[in-house]
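One structure is given here, and the rest of the page talks about it.
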Amino acid sequence: MVLNWSDIEQRAVAGEGVTEAEALAIAALTEPEDLRRLHAAAGAVRVEHKGNFVNTCGISNAKSGRCAEACSFCSQSAHFNTDAPKYQLKSADTMVAEAREAVANGVREFSLVASGRAMTSAAELAVVKEAVGRIREETGMQTCASLGLMGREALADLQAAGLQAVHHNLETARSFHANIVQTHTYDEEVETVRAARELGMYTCSGGIFGMGESWAQRVELALELRNLEVDSVPLNFLNPRPGTPLAEQADLTAADCLKIIALFRLVLPTRDLIVCGGRAVNLGERQDEIFRVGANGVMLGNYLTTAGRPAEIDLDLLQNEGLVIRPPPHKPHPPSLRAAVRVDGTDANGVA
Ligand code: SF4
């Protein structure tokens with residue numbers, strides 16, 4: 001298929017993503033000249049929809065290890081022998097202190113991430129609710145939680161306590177999911193995202209690349225996320241963890257990572273694309289290029305079980321690229337954010 005770049009760019013600027021056939025053709029590009037054209041198109045679409053604003057996320061690994069699920073990439077599963085930390089849910093005070101540190105480091109959205117199939121304990125949920133309410137009140141950051149396979153009722157309860165965003169990755173394409181996770185289904189992942197979306201929460205859902213999936217399956221994931229109408233897509237690149245079934249899996253190049261970012265920008269032109277785990281190990285020096293190929297967000301600080309680079313380096317990168325951190329959603333939007341306003345009168349955070 002011959003790609004008509006000016007037509008693709010025009011439609012993306014109007015908010016329309018590429019077709020499945022176009023996405024597959026993009027995924028098949030290998031020639032340096034074609035990749036340069038792809039990167040330029042995706043970068044231009046990012047500028048069109050996001051201006052010079054970027055989202056910066058930070059996380060607390062609020063509860064770590066001892067998970068009964070068996071996701072092949074994850075060092076927190078009790079099924080695998082790994083050196084990931086194991087501890088119960090942190091106190092609200094600890095999470096709030098971490099949030100304070102994060103906001104001082106330039107983070108605009110802070111997520112409390114807990115290991116486990118789902119957080120069902122009323123006592124644990126009470127601690128998360130307290131932490132969420134205090135983080136929102138005391139730091140002004142957008143509040144997010146990643147608590148596993150959560151149902152609508154529990155999410156509504158968290159929303160009432162001040163939770164604005166829900167993170168839950170689909171991990172990979174539907175057709176590849178059973179290769180990676182056998183302890184829960186793809187539909188269960190989708191249901192969590194759908195429940196958050198129906199509650200009007202900001203939904204953050206993406207995947208991990210480099211787990212052995214094909215390029216067609218990367219396209220499949222992008223289209224699934226587009227159908228789900230998620231607000232934000234975290235893009236993770238596998239950092240193989242010793243002791244997990246994917247410990248020896250390493251098939252991504254930096255060029256692949258940049259192509260994935262650009263592909264996702266053209267499939268999901270108006271959504272937030274946040275580059276998260278595995279950035280340093282897979283992109284190396286080329287992580288400086290992520291915004292030029294379509295990303296408009298980055299996770300700062302440490303990841304769940306691995307260390308990130310110092311936030312100052314990333315903040316310098318934003319400055320060098322002429323980017324500024326987008327204000328959290330409850331603050332008034334500066335006029336230049338109008339490009340991110342949807343036709344339904346809400347912004348990408350669902351805020352009117
Ligand atoms: S990804 Fe989540 S559900 Fe899967 S093993 Fe890790 S902590 Fe458990």
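Kindly indicate whether any position in region 109-127 is at pLDDT 90 or above, more than 16 Å from the ligand (Cβ to nearest atom) and under 27 Å from Asn239 (Cα atoms). Looking through region 109-127, at least one residue is at pLDDT 90 or above, more than 16 Å from the ligand (Cβ to nearest atom) and under 27 Å from Asn239 (Cα atoms). For region 225-240, check the following and say yes or no: at least one residue is among the acidic types (Asp, Glu) and not in a loop (DSSP other than H, G, I, E, B). Looking for residues that are among the acidic types (Asp, Glu) and not in a loop (DSSP other than H, G, I, E, B), one finds none in region 225-240, hence no.
Restricting attention to region 53-87, the residues that are touching a helix residue (DSSP H, G or I) at 6+ places or on another chain (Cβ under 8 Å) and either closer than 18 Å to Pro245 by Cβ or outside any strand (DSSP E or B) (or both) total 3.
Among the residues that make up region 285-296, is at least one of them among the aromatic types (Phe, Trp, Tyr), over 21 Å from Arg36 (Cα atoms) and crowded, with 24+ Cβ neighbours inside 10 Å? There is no residue in region 285-296 that is among the aromatic types (Phe, Trp, Tyr), over 21 Å from Arg36 (Cα atoms) and crowded, with 24+ Cβ neighbours inside 10 Å.
Close Cβ contacts (under 6 Å, 6 or more residues apart or on different chains) running from residues in region 255-277 that are polar (S, T, N, Q) to residues that are in a loop (DSSP other than H, G, I, E, B) comprise Thr270/Gly15. Among residues that are surrounded by fewer than 22 Cβ atoms within 10 Å (Cβ to Cβ) and touching a strand residue (DSSP E or B) at 6+ places or on another chain (Cβ under 7 Å), Gly106 is included. For region 55-70, the tally of residues that are surrounded by fewer than 23 Cβ atoms within 10 Å (Cβ to Cβ) and within 22 Å of the chain's Cα centre (by Cα) stands at 5.
Considering the conditions (1) hydrophobic (A, V, I, L, M, F, W, C); (2) surrounded by fewer than 24 Cβ atoms within 10 Å (Cβ to Cβ); (3) assigned to a helix (DSSP H, G or I), Ala250 is excluded by exactly one of them, (3).
Exactly one residue among Asn179, Asn169 is of a type outside the set (A, V, I, L, M, F, W, C), within 16 Å of the ligand (Cβ to nearest atom) and over 23 Å from Ser64 (Cα atoms), and that residue is Asn179. From the list Glu9, Glu48, Glu22, the one residue that fits, being charged (D, E, K, R), touching a Leu at 6+ places or on another chain (Cβ under 8 Å) and in a helix (DSSP H, G or I), is Glu22.
Among the residues making up region 183-204, those that are away from the ligand (no atom under 16 Å from the Cβ) and part of a loop (DSSP other than H, G, I, E, B) are Leu199, Gly200, Met201. Quick check on Glu16: is it more than 16 Å from the ligand (Cβ to nearest atom) and either part of a helix (DSSP H, G or I) or in contact with a Cys (Cβ under 8 Å, 6 or more places away or on another chain) (or both)? The answer is no for Glu16. Applying a threshold of 6 Å to beta carbon distances and a minimum spacing of six or more residues, or different chains, the list of pairs starting in region 283-303 at a residue that is among the small types (Gly, Ala, Ser) and ending at one that is in a loop (DSSP other than H, G, I, E, B) and crowded, with 18+ Cβ neighbours inside 10 Å reads Gly301/Gly308. Mind checking which residues of region 205-238 are closer than 18 Å to Asn55 by Cβ and within 15 Å of the ligand (Cβ to nearest atom)? Residues satisfying the conditions are Ser205, Gly206, Gly207, Pro234, Asn236. Taking the stated definitions as given, is Met141 among the hydrophobic types (A, V, I, L, M, F, W, C) and in contact (Cβ under 8 Å) with a residue 60 or more places away in the chain? Against the criterion (among the hydrophobic types (A, V, I, L, M, F, W, C) and in contact (Cβ under 8 Å) with a residue 60 or more places away in the chain), Met141 qualifies.
Okay, residues lined up against (1) at pLDDT below 95; (2) on the phi > 0 side of the Ramachandran plot:
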residue: Pro245; (1), (2): yes, no
residue: Ala262; (1), (2): no, no
residue: Arg271; (1), (2): no, no
residue: Gly278; (1), (2): yes, yes
residue: Ala295; (1), (2): no, no
residue: Val298; (1), (2): yes, no
residue: Tyr303; (1), (2): yes, no
residue: Glu312; (1), (2): yes, no
residue: Arg326; (1), (2): yes, no
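Only residues that are among the charged types (D, E, K, R) and near the ligand (Cβ under 8 Å from one of its atoms) were counted in region 39-80, giving 1.
Considering Ala25, Ala42, Ala92, the condition of being surrounded by 13 or more Cβ atoms within 10 Å (Cβ to Cβ), over 30 Å from Tyr186 (Cα atoms) and touching a residue at least 12 places away in the same chain (Cβ under 8 Å) is satisfied by Ala92 alone.
Would you mention how many residues in region 128-146 are away from the ligand (no atom under 16 Å from the Cβ), crowded, with 22+ Cβ neighbours inside 10 Å and part of a helix (DSSP H, G or I)?
Residues meeting the conditions: 3.
The values are calculated or read from the model by the stated rules, or taken from the named source; none is laboratory data. Everything numeric in this text was worked out from a predicted model, so none of it was measured. For neighbour counting, all protein chains shown are included, and Cβ atoms are generated from backbone atoms with ideal geometry for every residue, glycine included.
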